[in-house]
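The values are calculated or read from the model by the stated rules, or taken from the named source; none is laboratory data. Treat the numbers as computed from the prediction; the structure is a model and nothing was measured. Glycine gets a Cβ as well: all are built from the backbone with ideal geometry, and neighbour counts include every protein chain shown. Surface areas here come from the heavy atoms of the whole protein model, side chains and all, with no ligands, DNA or RNA. Shrake-Rupley method; radii C 1.70, N 1.55, O 1.52, S 1.80 Å.
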Amino acid sequence: MANQPKSATSLEDWRKETLGRVRALILEADPDMIEERKWKKPSNGMAGIPVWSHDGIVCTGETYKNYVKVTFARGAFVKDPAGLFNASLEGNLRRAIDFREGDTINEKALKALVKAAVKLNTPDRG
């Protein structure tokens with residue numbers, strides 16, 4: 001049993017730490033962000049994945065064997081001057097960041113992406 005893969009709910013390694021840090025940065029970037037768990041299925045231990053919303057989905061976080069993926073729902077419309085987006089680059093809507101073990105998170109740039117994504121969801125209100 002020692003060789004069984006860890007489910008998303010029992011992560012006790014760098015992925016849990018990375019997703020936790022990403023979560024903290026998202027909430028720092030927008031204190032009005034709502035966090036929910038959605039899309040519960042056996043592959044994520046029925047825990048679902050974290051979904052962060054502010055007047056619509058901003059981004060999601062998922063753990064995989066070799067990386068943590070943060071997907072921005074409307075990332076194709078978010079300027080990324082620091083070049084954080086490194087996955088899902090071919091689509092017309094989403095963009096993602098894959099964090100691998102040992103990667104350093106550019107905290108300032110990630111928070112800027114979150115703020116820009118929230119702004120897409122919250123157009124000027126008069």
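Quick look at the values:
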read-out: 0 to 90° range, to nearest 10: angle between helix 107-121 axis and the chain longest Cα axis; value: 60 degrees
read-out: Spherically averaged projected area of the chain from its Cα convex hull (nm²); value: 8.4 nm²
read-out: Solvent-accessible area, 1.4 Å probe, carbon plus sulfur percent, for the chain; value: 49 percent
read-out: Volume per residue that the Cα convex hull of the stretch 71-126 spans, once the total is divided by residue count, Å³; value: 78 Å³
read-out: Under 11 Å, Cβ to Cβ, from Ile105 - net charge with Lys/Arg +1 and Asp/Glu -1; value: 0
read-out: Ordering of 21-32, 39-50, 61-72 by burial proxy (mean other Cβ atoms within 10 Å per residue, highest first); value: 61-72, 21-32, 39-50
read-out: Per residue solvent-accessible surface (Å²) - the chain, probe of 1.4 Å; value: 62 Å²
read-out: Stretchable slack from Trp14 to Ala87, in nm (0.36 nm times residue separation minus alpha-carbon distance); value: 24.3 nm
read-out: Average Cα contact separation per residue, the stretch 55-126, under 8 Å, 6 or more apart, as relative contact order %; value: 32 percent
read-out: Neighbourhood charge, 13 Å Cβ-Cβ cut-off, centred on Arg74 and excluding it, Lys, Arg +1 and Asp, Glu -1; value: +2
read-out: Cβ-defined net charge surrounding Asp30, 15 Å radius [Lys, Arg +1; Asp, Glu -1]; value: 0
